[in-house]
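Peer 1: Let me give you the structure first, and then I'll get to my questions.
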Amino acid sequence: MTAFDTRHRLAADVVDAGVRAESRGESVLVLIDHADAPDPALVLAAVAPRTSRIRLVAHVDSSATHPYSFARKLVALDKLSAGRAGWYVTDTVEARRDEFIDLTERLVSSWEPGALVADKAAGVYVDVSRVHPVEHDGIYWSTQSSLDVGPGPQGVPPRLTEDVTFEVIS
Amino acid sequence: MTTRPPLTLFAEFHHSGDHEGAWRLPAAEPARVDDLEYYRKLTETAARGRFDSVFFADFVGYDPLVEHCVRWPYEPTTLLSALASSVPDIGVVATGSTVFDSPEQIARKFATLAQLSGGRAGWNIVTTGAPSAAKSFGRAAAPTHADRYAAAHGVVEHVEKLWSQQWGITGANRPLLVQAGASDTGRDFAARHADVVFTATPDLDAAVQFRSDVRSRAVAVGRHPDSIRVLPGLFVALGSTDREARALRDSLDAGLSDGTVRGVLALYGVPALADLDAPLSDSLGSFGATSGITSRLDVLERIARTLPEPVTLRALVKSIAGSRGHLRFIGTPDAATDLIAEWYERGAADGFVVKFSHNPGGTDAFVDTVIPHLQRRGITPTDYRAESLRDRLFPQETSS
């Protein structure tokens, strides 16, 4: 695994480092989520078309992100990478982290796989009986909407549970 | 050879084309809505035609209309990051709302896209009024039109400061600021902040008036009128003959199920149980304008008045399907070229946001049959002359 602390680094340089990581045989790439770092989901999305095997894990600091926004980017990354996306959540407040994880999982799984039927003859694009409402009125966030897109190839992408040490790109 | 700067062309991409019935055409590939390769190919085609930029819109929040037609299948800044990495030269413009993301989050998203693309990024600034978006973020309602515009000024100024001071993005690498809002408040907002203004002006005189007004407002706040470019939307359905183009339009309209018709009307606040085939005896305003898209209802009313009596809701949707109140062209490449050239020469447009009737196929048709005519007339460029999107649109600009 290679985990980059990308604070104050140019996004294009991080992409190059990510591509090199795959060439070196690394199997997982994690990019930090920080106010001074390029948006990790976007940088990973740029790494995706230039790689084929390395897993692309977006770190998210749940103190600074709404799960709805994150869930949209996570499934986008999963689709763009043909099922190589992952996520890694940290927060100084454990209860907030747990709520973020729970809500993100519920949003990403709000569309059953196969809900998108694209039946031209019948004029049915999505079988909405297979889209389930998400009602959440939590301590930190609320939502009253399913996700607005279906999941990617992995459904709920795997979440990294081990501790990650971010290192500056050498 | 004209001495005016060339037209600015943006390629707006909805997955299967702008027409709500397009996904049901035999050649459409709606199951490939998640496929990066699909979008990459479209983007490469647009780049072949020397479009200045691609544009991906966005609406946040689950929309039940997705039962009947393709909605917004991708968070656009993530998709565009992958596209910028795969396709050189062409600009990458995405919609981002001022209402639900913090200025720090907005600034970071677009700064990252600017860095990833080498200065080809643009932010279409929207102030979200849709209830579906509010529900996604757990709010009872979106702010009112007036409130969210008032707040948006501060958001944009804050974002610009962050780009400069925190991200070190200055000069030509700054994301292009795009805005679409035809109301009085929207035009003032554009005059203060926008480099590019999108507009839905379906007739020439209205477009000339709009562009002239926006330029005057820009001057009133101390800007050069040429520092703001006005791009009307242009829906295009092409055929090698008029009959062929109309047949394409008919096959697209045939894809409009009742569910789609009702869904489109719902976006303008028309009640779901309205009789689609009864004559519209009241004005559209009687349905009660939502705060969502205030000025679009006026456009609908104007269109309704141009249709032959009796106007029905179904007929209204058919006339706006795909074009949604924008200028709509159905015909041959020669006639499309003449229309574009006329608008350009009469001062109705600095360029267009081209909305393709259907894809795959619609973008190729435009690039293969219309672009060469425009290039021959010197109205659109044959090459990419500048790396950054800003320099491409404003070649004389040194700093601002």
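Peer 1: Among the residues in region B:323-346, are any modelled with pLDDT under 95, crowded, with 19+ Cβ neighbours inside 10 Å and of a type in the set (S, T, N, Q)?
Peer 2: Yes, the conditions are met somewhere in region B:323-346.
Peer 1: Only one residue in B:110, B:137 is over 24 Å from residue B:394 (Cα atoms) and modelled with pLDDT of 80 or more, so which one is that? Working first, answer last.
Peer 2: Values: B:110 fails: over 24 Å from residue B:394 (Cα atoms).
Just a single option satisfies the conditions, and that option is B:137.
Peer 1: List, please: which pairs have Cβ atoms under 9 Å, are six or more places apart or on different chains, and start with a residue in region B:179-198 that is touching a residue at least 40 places away in the same chain (Cβ under 8 Å) and farther than 13 Å from residue B:215 by Cβ and end with one that is among the basic types (Lys, Arg) and in a loop (DSSP other than H, G, I, E, B)?
Peer 2: From region B:179-198, no pairs qualify.
Peer 1: Would you confirm, using the coordinates I've provided, whether residue B:125 is more than 21 Å from residue A:49 (Cα to Cα) and modelled with pLDDT of 90 or more? Outline the logic, then answer.
Peer 2: Working: more than 21 Å from residue A:49 (Cα to Cα): yes; modelled with pLDDT of 90 or more: yes.
Taking the combined requirement at face value, the residue satisfies it.
Peer 1: Which of the residues spanning region A:120-170 are within 9 Å of chain B (Cβ to nearest Cβ), among the charged types (D, E, K, R), under 30 Å from residue B:251 (Cβ atoms) and touching a strand residue (DSSP E or B) at 6+ places or on another chain (Cβ under 9 Å)?
Peer 2: If the condition is that a residue be within 9 Å of chain B (Cβ to nearest Cβ), among the charged types (D, E, K, R), under 30 Å from residue B:251 (Cβ atoms) and touching a strand residue (DSSP E or B) at 6+ places or on another chain (Cβ under 9 Å), then A:127 is the only one that fits.
Peer 1: While we're looking at this one, here's another question. Identify all residues within region B:107-149 that are under 18 Å from residue B:57 (Cβ atoms), away from every other protein chain (no Cβ under 13 Å), of a type in the set (Val, Ile, Thr) and open to solvent by 10 Å² or more (accessible area, probe 1.4 Å); write none if there are none.
Peer 2: B:126, B:127 - these are the residues of region B:107-149 that are under 18 Å from residue B:57 (Cβ atoms), away from every other protein chain (no Cβ under 13 Å), of a type in the set (Val, Ile, Thr) and open to solvent by 10 Å² or more (accessible area, probe 1.4 Å).
Peer 1: Further question on the same structure: Restricting to region B:73-89, count the residues that are out of contact with any strand residue (DSSP E or B) (no Cβ under 9 Å at 6 or more places or on another chain) and either more than 15 Å from residue B:33 (Cβ to Cβ) or more than 7 Å from chain A (Cβ to nearest Cβ) (or both).
Peer 2: 4
Peer 1: In region B:15-41, what count of residues is obtained for those that are in contact (Cβ under 8 Å) with a residue 60 or more places away in the chain and crowded, with 22+ Cβ neighbours inside 10 Å?
Peer 2: 12
Peer 1: Considering only region B:90-106, how many residues are assigned to a loop (DSSP other than H, G, I, E, B), open to solvent by 20 Å² or more (accessible area, probe 1.4 Å) and more than 9 Å from every other protein chain (Cβ to nearest Cβ)? Give the derivation first.
Peer 2: Residues of region B:90-106 that are assigned to a loop (DSSP other than H, G, I, E, B), as a first pass: B:90, B:98-102.
Pick out the ones that are also open to solvent by 20 Å² or more (accessible area, probe 1.4 Å) and you get B:99-102.
In the following step, the residues that additionally are more than 9 Å from every other protein chain (Cβ to nearest Cβ) were identified as B:99.
Total satisfying the criteria: 1.
Peer 1: Go through the residues of region A:150-159 one by one and say whether even a single one is over 17 Å from the mean Cα position of the chain (by Cα) and hydrophobic (A, V, I, L, M, F, W, C). Write out each step before concluding.
Peer 2: The first filter runs over region A:150-159 and keeps only residues over 17 Å from the mean Cα position of the chain (by Cα), leaving none.
Scanning region A:150-159 turns up no residue that is over 17 Å from the mean Cα position of the chain (by Cα) and hydrophobic (A, V, I, L, M, F, W, C).
Peer 1: Going residue by residue through region B:71-78, is there one that turns out to be touching a Pro at 6+ places or on another chain (Cβ under 9 Å) and either closer than 30 Å to residue A:134 by Cβ or assigned to a helix (DSSP H, G or I) (or both)?
Peer 2: Within region B:71-78, the first condition is being touching a Pro at 6+ places or on another chain (Cβ under 9 Å), and the residues that meet it are none.
There is no residue in region B:71-78 that is touching a Pro at 6+ places or on another chain (Cβ under 9 Å) and either closer than 30 Å to residue A:134 by Cβ or assigned to a helix (DSSP H, G or I) (or both).
Peer 1: Checking the conditions here, which among B:56, B:13 is hydrophobic (A, V, I, L, M, F, W, C) and more than 14 Å from chain A (Cβ to nearest Cβ)?
Peer 2: Values: B:56 fails: more than 14 Å from chain A (Cβ to nearest Cβ).
The unique qualifying residue is B:13.
Peer 1: Which of the helices (runs of 4 or more DSSP H) found entirely inside region A:1-110 contain at least 3 residues meeting this: within 22 Å of residue A:161 (Cβ to Cβ) and open to solvent by less than 20 Å² (accessible area, probe 1.4 Å)? Let's see the steps before the verdict.
Peer 2: Values: elements: A:11-23, A:40-47, A:67-80, A:94-108.
Filter on region A:1-110 gives A:40-47, A:67-80, A:94-108.
Peer 1: Across region B:217-238, what is the total count of residues that are open to solvent by 10 Å² or more (accessible area, probe 1.4 Å), more than 30 Å from residue B:251 (Cβ to Cβ) and touching a strand residue (DSSP E or B) at 6+ places or on another chain (Cβ under 9 Å)?
Peer 2: Residues flagged as open to solvent by 10 Å² or more (accessible area, probe 1.4 Å), more than 30 Å from residue B:251 (Cβ to Cβ) and touching a strand residue (DSSP E or B) at 6+ places or on another chain (Cβ under 9 Å) within region B:217-238 amount to 1.
Peer 1: Check region B:244-258 and report whether any residue there is assigned to a helix (DSSP H, G or I), touching a helix residue (DSSP H, G or I) at 6+ places or on another chain (Cβ under 8 Å) and surrounded by 21 or more Cβ atoms within 10 Å (Cβ to Cβ). Walk me through it before giving the result.
Peer 2: Just the residues of region B:244-258 that are assigned to a helix (DSSP H, G or I), to begin with: B:244-253, B:258.
Going one step further and asking which of them are touching a helix residue (DSSP H, G or I) at 6+ places or on another chain (Cβ under 8 Å), we end up with B:252-253.
Filter once more, so that each one left must be surrounded by 21 or more Cβ atoms within 10 Å (Cβ to Cβ): B:252.
Checked region B:244-258: at least one residue is assigned to a helix (DSSP H, G or I), touching a helix residue (DSSP H, G or I) at 6+ places or on another chain (Cβ under 8 Å) and surrounded by 21 or more Cβ atoms within 10 Å (Cβ to Cβ).
Peer 1: Moving to a separate point now. Please verify whether residue B:85 is part of a helix (DSSP H, G or I) and open to solvent by 10 Å² or more (accessible area, probe 1.4 Å), treating the condition exactly as stated. Step through it out loud before you land on a result.
Peer 2: On the way: part of a helix (DSSP H, G or I): yes; open to solvent by 10 Å² or more (accessible area, probe 1.4 Å): yes.
So residue B:85 passes the test.
Peer 1: Within region A:95-114, does at least one residue satisfy the condition of being closer than 29 Å to residue B:68 by Cα, of a type in the set (Asp, Glu), modelled with pLDDT of 95 or more and within 16 Å of the chain's Cα centre (by Cα)?
Peer 2: Yes: one or more hits.
Peer 1: Pairs needed: first member in region A:40-58, within 12 Å of residue B:81 (Cα to Cα) and within 7 Å of chain B (Cβ to nearest Cβ); second member anywhere, among the basic types (Lys, Arg) and assigned to a loop (DSSP other than H, G, I, E, B); C-beta distance under 8 Å; at least 6 residues apart or different chains.
Peer 2: Close Cβ pairs (under 8 Å, with a partner that is among the basic types (Lys, Arg) and assigned to a loop (DSSP other than H, G, I, E, B)) amount to A:48/A:84.
Peer 1: It is to be established whether one or more residues within region B:156-165 are in contact with a Gly (Cβ under 8 Å, 6 or more places away or on another chain) and either within 23 Å of residue B:102 (Cα to Cα) or open to solvent by less than 50 Å² (accessible area, probe 1.4 Å) (or both). Step through it out loud before you land on a result.
Peer 2: Filtering region B:156-165 for residues in contact with a Gly (Cβ under 8 Å, 6 or more places away or on another chain) gives none.
Checking region B:156-165: not a single residue is in contact with a Gly (Cβ under 8 Å, 6 or more places away or on another chain) and either within 23 Å of residue B:102 (Cα to Cα) or open to solvent by less than 50 Å² (accessible area, probe 1.4 Å) (or both).
Peer 1: Between a residue in region A:71-85 that is at the interface with chain B (Cβ under 8 Å from one of its Cβ atoms) and any residue that is surrounded by fewer than 24 Cβ atoms within 10 Å (Cβ to Cβ) and among the β-branched types (Val, Ile, Thr), which pairs come within a Cβ distance under 9 Å, given they are 6 or more apart or on different chains?
Peer 2: Pairs that qualify, where the first residue is at the interface with chain B (Cβ under 8 Å from one of its Cβ atoms) and the partner is surrounded by fewer than 24 Cβ atoms within 10 Å (Cβ to Cβ) and among the β-branched types (Val, Ile, Thr), are A:79/B:33.
Peer 1: Condition (residue is at pLDDT below 90 and either buried (at least 19 other Cβ atoms within 10 Å of the Cβ) or closer than 21 Å to residue B:23 by Cα (or both)) applied to region B:202-209: is it met by at least one residue?
Peer 2: Within region B:202-209 (the criterion being at pLDDT below 90 and either buried (at least 19 other Cβ atoms within 10 Å of the Cβ) or closer than 21 Å to residue B:23 by Cα (or both)), the answer is yes, since at least one residue qualifies.
The values are calculated or read from the model by the stated rules, or taken from the named source; none is laboratory data. Given the structure is predicted, the values throughout are model-derived calculations rather than measurements. So basically every Cβ, Gly included, is an ideal-geometry build from the backbone, and we count neighbours across all protein chains shown. For the accessible areas, the whole protein counts, side chains as well, though only heavy atoms, and no ligand, DNA or RNA atoms are used. Shrake-Rupley method; radii C 1.70, N 1.55, O 1.52, S 1.80 Å.
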